[in-house]
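Visitor: Would you mind keeping the following structure in view while I ask a few things?
The values are calculated or read from the model by the stated rules, or taken from the named source; none is laboratory data. Everything numeric in this text was worked out from a predicted model, so none of it was measured. When we count neighbours, we look across all protein chains shown, and the Cβ atoms used for this are built from the backbone with ideal geometry, even at glycine.
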Amino acid sequence: MTSRFNSQALKMVGNLIIDSSSKGDNSSTEWFLDNSPRELTYYCHPTHFAVKPQDYVDSKGVTFPVYTGDGKYPAQILPEGYKLALDQDPERVINVPIQLKVEAKQNLIKMLQDKCGISTSSSDLFFNGSIKKLVECSRGIKNPIPEVVTVDFFDKTDRLIDKLQPAIDMIPFGTSIWIGLDLATNNDYAGISCVQFDHWEFMGDSKMPKVKCYFTVAVARKDGQETSLHHVFDLIMALKKDYNVIVSADQAYSKQILQDCERENIKTNGRISTDNVPCEPALYLKNLIMQGLISLPENRRLQREAYDLRYVPTGKGYKIDHPTKATNNPQVFDRNNGKGSKDVWDSLASACYSLKMSIDAGEEQGYSNGVDKQLHLVTDMVKSAKEDSNLQFQSMLENIF
């Protein structure tokens, strides 16, 4: 593959099929997938019961739930009425035909590999190797700004607001927006994301918030410089002029900006750690993505970061982190051939979870529901007064003529 053929030859020589059970991250199949051109490779891992449904007619549609496992929780057959823990991913629950229950009880790992196409030893990937749902959330939404912008630490006139203006212009005046920050050291980029509550969606008996993201961007600095907190705070102050801004941030480097925001009467939801167990911000964002409850501009850097995310063991449990080396696939993701990152992902997770905190407090509009009702009442009063005035004026004209 690497020493005899180039990409053009691969299109001409035909098909090469590698067929194997899911054996884990170190299998030859996984090696082939990591080293073959993605645009020429089709990866299919169907369940046996999806390919041969005729073999499972005796199940009559009856299934049993299985949690396929992650870096913290092992694969397990879920008992009836089992409620997932906060840090258990609902996307890792599959429904298996009842005919396989005895086989699952005898050897659950082998059943998952041979009948479900799932390798429990490679299940630490946060999105299980597929970001299809994330891509769908961006369908038809072009990104009006670059995915990475650079500011000069020493140039105060080099403003972020100017670089992000095409995206900011799409935000209606007076909107409540939640700004999530992931402020990096001098080694990483800083991530900045902006979201708003759009509307409520009814899914069965549940009422779920639909979130709209206006921009999510990585901020770089020139060689030898550090992230400029001045430029980030200048952006927040500029947004404050036209919008109701609520700020949240990760990392210790954000403490100064949060204090500055409070000093300027800008509401904050404090520090939201996207690394600590039980990883609620990341799981909440993933839930929005998997249910199609967020819309955002296409961002290939964000897609690559999400694809790379995995559960990583720590001294306190497991966290969601990125690999040392980023996925190198410029046909699908951004052209980052260096180390892994999750700066953009973390800022978006922070913004969305901050919005969730406000929703839980009854402040999905950026202020309490009581204030919201008062505003609607005042609006109705003004509207009624205006309508009465128009009617009186119309009546006067009719009497004259």
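Visitor: If only one of MET237, MET208 is surrounded by fewer than 18 Cβ atoms within 10 Å (Cβ to Cβ) and not in a strand (DSSP E or B), which one is it? Break it down into steps so the answer makes sense when it comes.
Guide: Details: MET208 fails: not in a strand (DSSP E or B).
On inspection, the qualifying residue turns out to be MET237.
Visitor: Within the range 87-96, is there a residue that is over 18 Å from HIS48 (Cα atoms) and touching a His at 6+ places or on another chain (Cβ under 9 Å)?
Guide: No, every residue in the range 87-96 fails to be over 18 Å from HIS48 (Cα atoms) and touching a His at 6+ places or on another chain (Cβ under 9 Å).
Visitor: Looking at ASN244, ASN276, ASN265, which is the one that is at pLDDT 85 or above, among the polar types (S, T, N, Q) and surrounded by fewer than 17 Cβ atoms within 10 Å (Cβ to Cβ)? Lay out the reasoning, then the answer.
Guide: Values: ASN244 fails: surrounded by fewer than 17 Cβ atoms within 10 Å (Cβ to Cβ); ASN276 fails: at pLDDT 85 or above.
Only one candidate qualifies: ASN265.
Visitor: Continuing with this model, one more query. Please tell me if ASP55 is at pLDDT 85 or above and over 19 Å from PHE126 (Cα atoms).
Guide: yes
Visitor: Right, ASP158: surrounded by fewer than 21 Cβ atoms within 10 Å (Cβ to Cβ), acidic (Asp, Glu) and in a helix (DSSP H, G or I) or not?
Guide: Taking the combined requirement at face value, the residue does not satisfy it.
Visitor: Determine whether ASP124 is of a type in the set (Asp, Glu) and surrounded by 14 or more Cβ atoms within 10 Å (Cβ to Cβ).
Guide: Yes, satisfied.
Visitor: Among the residues of the range 85-102, is any charged (D, E, K, R) and surrounded by fewer than 13 Cβ atoms within 10 Å (Cβ to Cβ)? Show your work before the answer.
Guide: Let us first name the residues in the range 85-102 that are charged (D, E, K, R), namely 87, 89, 91-92, 101.
Next, from what is left, pick out any that are surrounded by fewer than 13 Cβ atoms within 10 Å (Cβ to Cβ): none.
The answer is no; no qualifying residue exists.
Visitor: Under 9 Å between Cβ atoms, which residue pairs at least 6 apart in sequence (or on different chains) link something in the range 220-231 that is at negative phi and in a helix (DSSP H, G or I) with a partner that is of a type in the set (Val, Ile, Thr) and buried (at least 16 other Cβ atoms within 10 Å of the Cβ)?
Guide: Within 9 Å, the pairs are LEU229/ILE257; HIS231/VAL151; HIS231/VAL219.
Visitor: Looking at (1) part of a loop (DSSP other than H, G, I, E, B); (2) outside the structural domain of ASP250 (by TED's automatic domain parsing); (3) of a type in the set (A, V, I, L, M); (4) touching a Pro at 6+ places or on another chain (Cβ under 8 Å), which is the only condition ILE94 fails?
Guide: Of (1) part of a loop (DSSP other than H, G, I, E, B); (2) outside the structural domain of ASP250 (by TED's automatic domain parsing); (3) of a type in the set (A, V, I, L, M); (4) touching a Pro at 6+ places or on another chain (Cβ under 8 Å), only one is false for ILE94: (1).
Visitor: With in contact with a strand residue (DSSP E or B) (Cβ under 9 Å, 6 or more places away or on another chain), over 27 Å from GLY366 (Cβ atoms) and aromatic (Phe, Trp, Tyr) as the only criterion, which of TYR189, TYR214 stands out? Let's see the steps before the verdict.
Guide: Numbers: TYR214 fails: over 27 Å from GLY366 (Cβ atoms).
Going through TYR189, TYR214 in turn, just one is in contact with a strand residue (DSSP E or B) (Cβ under 9 Å, 6 or more places away or on another chain), over 27 Å from GLY366 (Cβ atoms) and aromatic (Phe, Trp, Tyr): TYR189.
Visitor: Looking for something without any contact (Cβ under 8 Å) to a residue 40 or more places away in the chain and under 29 Å from PRO323 (Cα atoms) - is there at least one such residue anywhere in the range 120-129?
Guide: Yes, the range 120-129 has at least one match.
Visitor: Could you please give the count of residues in the range 132-182 that are touching a residue at least 60 places away in the same chain (Cβ under 8 Å), under 21 Å from LYS222 (Cα atoms) and over 18 Å from the mean Cα position of the chain (by Cα)?
Guide: Qualifying residue count for the region: 14.
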